[in-house]
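Colleague: Okay, handing you the structure first.
The values are calculated or read from the model by the stated rules, or taken from the named source; none is laboratory data. Small disclaimer: the values here were computed from a predicted structure and weren't measured. Backbone-built Cβ (ideal geometry, glycine too); neighbour counts: all protein chains shown.
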Amino acid sequence: MVTRRQGREWALQMLVQFDLNPPESVDSAISAFWDQQVALESDALAAEVREARVIFTSTNPRDLASLAEVREFAEVRVRGVWSDRESIDAELEPYLDNWPFYRLGTVERAVLRLGAWEIKNCTNIPVPIVINEAVDLAKWFSESKSGRFVNGVLDRLGKRVRSGAAEGSCSPD
């Protein structure tokens with residue numbers, strides 16, 4: 001089963017790619033990302049089959065539906081973050097303690113953007129969950145010190161943004 005965590009990982013990977021090589025078309029870049037994922041998965045599966053470690057691959061409708069939902073989950077975030085990145089960057093900058101946004105590492109920048117977008121737009125997801133996911137992503141894709149930095153920035157942003165925020169949700173739920 002594919003999880004929201006996997007969706008966030010995919011979203012982060014796309015955002016890092018976009019940050020390093022800005023796409024002309026977000027839709028075509030997202031499509032190219034999924035094509036790349038399918039190719040990587042096919043190569044990995046072929047290697048496992050050759051080594052006789054895999055006997056059955058899932059065609060379970062629930063697994064396939066889960067994959068579609070998580071892909072949409074990732075795409076909503078990527079499109080939202082990418083279209084709002086300038087305002088997100090401006091909103092995050094005061095919490096960077098005199099550290100210019102452009103000097104952040106690419107992964108940290110993408111994690112902060114993703115977390116900030118979720119805090120602002122996904123009020124159905126509690127801030128501590130958004131922060132925990134962001135910290136885990138920062139630690140996994142960068143270094144352990146990044147987790148503390150991301151935690152501090154998003155915690156301060158979350159306290160300001162969510163105080164008095166209207167209830168709502170970002171889709172898909």
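Colleague: Would you check if Arg8 is at pLDDT 95 or above, under 15 Å from the mean Cα position of the chain (by Cα) and within 24 Å of Val130 (Cα to Cα)? Even if it seems obvious, please write down each step before you answer.
Modeller: Details: at pLDDT 95 or above: yes; under 15 Å from the mean Cα position of the chain (by Cα): yes; within 24 Å of Val130 (Cα to Cα): yes.
Against the criterion (at pLDDT 95 or above, under 15 Å from the mean Cα position of the chain (by Cα) and within 24 Å of Val130 (Cα to Cα)), Arg8 qualifies.
Colleague: Which members of region 99-125 meet the condition of being among the aromatic types (Phe, Trp, Tyr) and within 12 Å of Arg77 (Cβ to Cβ)?
Modeller: Initial filter on region 99-125 (among the aromatic types (Phe, Trp, Tyr)): 99, 101-102, 117.
Result: Trp117, single match.
Colleague: Determine which single condition Ala134 fails, assuming it passes every other condition in (1) in contact (Cβ under 8 Å) with a residue 24 or more places away in the chain; (2) of a type outside the set (Asp, Glu); (3) buried (at least 23 other Cβ atoms within 10 Å of the Cβ).
Modeller: (1)
Colleague: Evaluate the following for Glu72: is it at pLDDT below 80, part of a helix (DSSP H, G or I), more than 24 Å from Ser142 (Cβ to Cβ) and of a type in the set (Asp, Glu)? Break it down into steps so the answer makes sense when it comes.
Modeller: On the way: at pLDDT below 80: no; part of a helix (DSSP H, G or I): yes; more than 24 Å from Ser142 (Cβ to Cβ): yes; of a type in the set (Asp, Glu): yes.
No: the conditions fail for Glu72.
Colleague: While we're on this one: Kindly check whether there is at least one residue in region 143-152 that is closer than 18 Å to Met14 by Cβ and surrounded by fewer than 19 Cβ atoms within 10 Å (Cβ to Cβ).
Modeller: No: region 143-152 contains no residue that is closer than 18 Å to Met14 by Cβ and surrounded by fewer than 19 Cβ atoms within 10 Å (Cβ to Cβ).
Colleague: Go through the residues of region 88-108 one by one and say whether even a single one is basic (Lys, Arg) and modelled with pLDDT under 95.
Modeller: Yes, region 88-108 contains a residue that is basic (Lys, Arg) and modelled with pLDDT under 95.
Colleague: In the set Arg109, Arg85, Arg160, Arg77, which member is in a helix (DSSP H, G or I), free of Cβ contacts under 8 Å to residues at least 24 places away in the same chain and either surrounded by 14 or more Cβ atoms within 10 Å (Cβ to Cβ) or more than 17 Å from the chain's Cα centre (by Cα) (or both)?
Modeller: Working: Arg109 fails: free of Cβ contacts under 8 Å to residues at least 24 places away in the same chain; Arg85 fails: free of Cβ contacts under 8 Å to residues at least 24 places away in the same chain; Arg77 fails: free of Cβ contacts under 8 Å to residues at least 24 places away in the same chain.
Step by step, each of Arg109, Arg85, Arg160, Arg77 is checked, and only Arg160 is in a helix (DSSP H, G or I), free of Cβ contacts under 8 Å to residues at least 24 places away in the same chain and either surrounded by 14 or more Cβ atoms within 10 Å (Cβ to Cβ) or more than 17 Å from the chain's Cα centre (by Cα) (or both).
Colleague: Are any of the residues in region 45-66 surrounded by 15 or more Cβ atoms within 10 Å (Cβ to Cβ), closer than 22 Å to Val78 by Cβ and at pLDDT 60 or above?
Modeller: At the first step, the residues of region 45-66 found to be surrounded by 15 or more Cβ atoms within 10 Å (Cβ to Cβ) are 66.
Those left that are additionally closer than 22 Å to Val78 by Cβ: 66.
Checking the rest, the ones that are also at pLDDT 60 or above come to 66.
Checked region 45-66: at least one residue is surrounded by 15 or more Cβ atoms within 10 Å (Cβ to Cβ), closer than 22 Å to Val78 by Cβ and at pLDDT 60 or above.
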